[in-house]
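Below is one structure, written out as structure tokens; the observations come after it.
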Amino acid sequence: MMLYPAAPEAATRFLKFVNASPTPFHAVHNAALRLEKVGFKKIREKDEWEKDIQPGGKYYFVRNQAALVAFTLPQTWKQGAGLSIVATHVDSPNLKIRPISKRTKQNYLQVGVETYGGGIWHSWLDRDLSIAGRVVIAERNGGFQSKLVKIDKPLLRIPTLAIHLDRNVNDSFKFNQETEFVPILGLIAGQLNARKSGSDSDDDKSSGPITPPKVASSVQENHHSALLQLIAGELSVAPEEIHDFELSLYDTQPSVLGGINDEFIFSPRLDNLVSSFCAVEALAESVTADYFPTSDGNVNCIALFNHEEIGSVSTSGAESSLIPSLLNRLSPTPATVAQSIARSFLISADMGHAIHPNYTSKHEDKHRPFINGGIAIKTNAKQRYATDAISSFIVKQLVERKGGRVQEFEVRNDMPCGSTVGPMLSKIGIRTIDVGNPMLSMHSIRETAGSHDVQHAIDLFHSFFEGFAALDKGLTVD
């Protein structure tokens, strides 16, 4: 029996990142902090930053707190240069608090939620849940600001029904996501004793309309006062200063290394914060590498998108203007932007399906990636993945340069194929490949991946940033 060596240091750094990033907003914020530590300068889309960027420079920008694009210019940069892009996503299936969340039923305070993405929702039952996201608050100067919040205390729980009340639960467990999937926040009696007014005491009358707030921008009537007070306390503001929010539930159990020799990562949001973390680390580390002071060829770039789990159609998703805008601003004429696209290459990095020991029949017989076995190249003849022979060859060459290994993944003909940001970004005209680290329990509240595969992905992205342009010069296709 082979035992893996102790988990690499990259995996322990990932744990800190994912534990601090319960929402896309937090992931983008933490990615920006990492980049700023190594000298990346923040630019804003509304500014004419084209006038200020310089060869050898390091820059990033954020859109709507939910997507991040960062890039480094080679020392010999000029318009028409290609982009070497690693594209990922920072969203995961979760439960989002509804705009009107106040629920009361049978002496329970409850919070209305909406499912986001294709989650394995039964895995959210009987978990210690809390709240994180962003909140729009009023400032003393009369302005408003969107601030991040993360409440570390377990606040909510979605309890299962006792087996004594449902003897068939182990045979055919199903539940209604609207009526039987509502978290409990507390008890009405405790709330009544703690507050001054009786606004939360009326029992659930969900069939009737809610009374509109007296002020259009007020959310005070839409949510339990105890919840608003808690959020306000985290932000050191009064509840009345909260004007809106975008909050999600998350599991308070921290991510950890697991397995007999720490060969696993047990964690939420592995899909796709592993890829996002590795992209950020590779770009951050590239600017201190020996090759950076004399770099030429392509602009190295990472793009962390939102909303992949629901189709990527948003201002911060992969279908947005983020990459086309960057291409046009770096190469502003029709000729130079066309040259840039032709010289570009994009690695779409999203987690993949490892072979499951209890469900081996779910994989095609010869395409069974395993955890800690290296990057898996995803191929699909129907172009649900953007991989082709040329992009596959390029990535294999890049992996070889770091002494790594690749695995191959294709779905069975009788199984559906997942989606990534790769195909939609390839429509721009950029050569694209889909890759990912193998994992188990994708879209569960607790997923499993390989601790050694974190470094495997970083190594690929390093090799890509360092060597793609030179490799591409020696490749003849057209």
Calculate the FRET efficiency for Asp47 and Gln220 from the Cβ-Cβ distance with a Förster distance of 35 Å, rounded to the nearest 0.05. 0.45
With a 1.4 Å probe and all protein chains kept in place, how do Trp77, Trp121 rank by accessible area, largest first? Trp77, Trp121
Find the accessible area per residue for region 338-478; the probe is 1.4 Å, ligands and nucleic acids are left out, and the unit is Å². 44
So how do Val395, Val411 rank on accessible area, 1.4 Å probe, biggest first, that is with the largest at the start? Val411, Val395
Correct choice for semi-axes √(5λ) of the Cα gyration tensor in Å that was computed from the model, options (i) 41, 29, 19; (ii) 48, 29, 22; (iii) 36, 32, 21: (i)
Roughly speaking, what is the stretch gain from Gln54 to Glu364, that is 0.36 nm per residue apart minus the C-alpha to C-alpha distance, in nm to one decimal? 106.7 nm
If R₀ is 25 angstrom, what is the calculated FRET efficiency for the pair Leu125 and Asn413, using the beta carbon separation as r and rounding to 0.05? 0.15
Given labels modelled 7 Å from the Cα in the Cβ direction, how far is it in nm from Lys150 to Glu36? 1.5
Taking 8 Å as the Cα distance limit and 6 or more residues as the minimum spacing, I'd like the relative contact order of region 21-64 as a percentage. 39
Of 67-76, 9-18, 50-59, ordering from highest average Cβ density within 10 Å down gives 67-76, 9-18, 50-59
All other residues with a Cβ under 12 Å from the Cβ of Asp350 taken together, and with Lys, Arg as +1 and Asp, Glu as -1, what is their net charge? -3
Accessible area of the chain with a 1.4 Å probe: how many percent of it is carbon plus sulfur? 51
Any lysines whose Cα falls less than 24 Å from that of Lys378, other than same-chain ones fewer than 8 residues away, would be Lys362, Lys366, Lys396, Lys402, Lys427
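For region 1-153, with every protein chain kept in place, what is the accessible area per residue (1.4 Å probe, Å²)?
45
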At the level of C-alpha centres, the distance separating region 358-374 and region 223-279, in angstrom, is 31
Can you give me the long-range amide H partners of Leu155? Hydrogens built in the peptide plane at 1.01 Å from N, cutoff under 5 Å, separation of 5 or more residues or another chain. Leu129, Ser130
Taking 0.36 nm per residue of sequence separation and subtracting the Cα-Cα distance, how much length would be gained by fully extending the chain between Phe393 and Val169, in nm to one decimal? 75.7 nm
Using 1/(1 + (r/R0)^6) with R0 = 35 angstrom and r between the beta carbons of Asp296 and Ala335, what's the FRET efficiency to the nearest 0.05? 0.95
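The values are calculated or read from the model by the stated rules, or taken from the named source; none is laboratory data. No experiment lies behind these values; they were computed from the predicted model shown. Virtual Cβ from ideal backbone geometry, glycine too; neighbours counted across all protein chains shown. The protein model used for the area step is the full one, side chains on, heavy atoms only, and it has no ligands, DNA or RNA in it. Shrake-Rupley method; radii C 1.70, N 1.55, O 1.52, S 1.80 Å.
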